[in-house]
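Here, each number is a calculation from the coordinates, and none is a lab measurement. Owing to the predicted nature of the structure, the values given are computational and were not obtained by experimental measurement. Positions of Cβ are generated from backbone atoms using ideal geometry, with glycine treated the same way; all protein chains shown enter the neighbour counts.
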Amino acid sequence: LEEVRDSLPAAIAIHRQAVEASDSVDFHVAALAHALARGGERAEATRLVRRLEAKRAGGAYVPGYEIAKVHVALGAPDVAFTWLERALAD
């Protein structure tokens, strides 16, 4: 577990680069939000997942599974299950 915590700053940096290089592809934004949540940066992770949710609410396809993973990392299993149900419906 300690090794995972030690690698989170590197993972966050790599995911930030991927978001920038991909012009904010949803998968990369979700991966960054997940890493941030795991690293204790809840406010930024929440902001990013809300952005993905709003994009989906606006009619764009954003994989529900990716949103669910962020909510798991944020410690919100009930919300995650809701998103998994939406992913299954997709």
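Overview of results
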{"item": "Rounded to the nearest 20 debye, dipole of the chain from Cβ charges on Lys, Arg, Asp, Glu", "result": "260 debye"}
{"item": "Reduced Cα scattering model of the chain, Debye log10 I(q)/I(0), q = 0.24, 0.25 Å⁻¹", "result": "-1.20, -1.27"}
{"item": "In Hz, Karplus ³J(HN,Hα) per residue of segment 82-90 (6.51, -1.76, 1.60; θ = phi - 60°; x = Gly, Pro)", "result": "4, 5, 5, 5, 5, 4, 5, 5, 5"}
{"item": "Rounded tilt (10° steps) of 64-73 against the dominant C-alpha axis of the chain", "result": "40 degrees"}
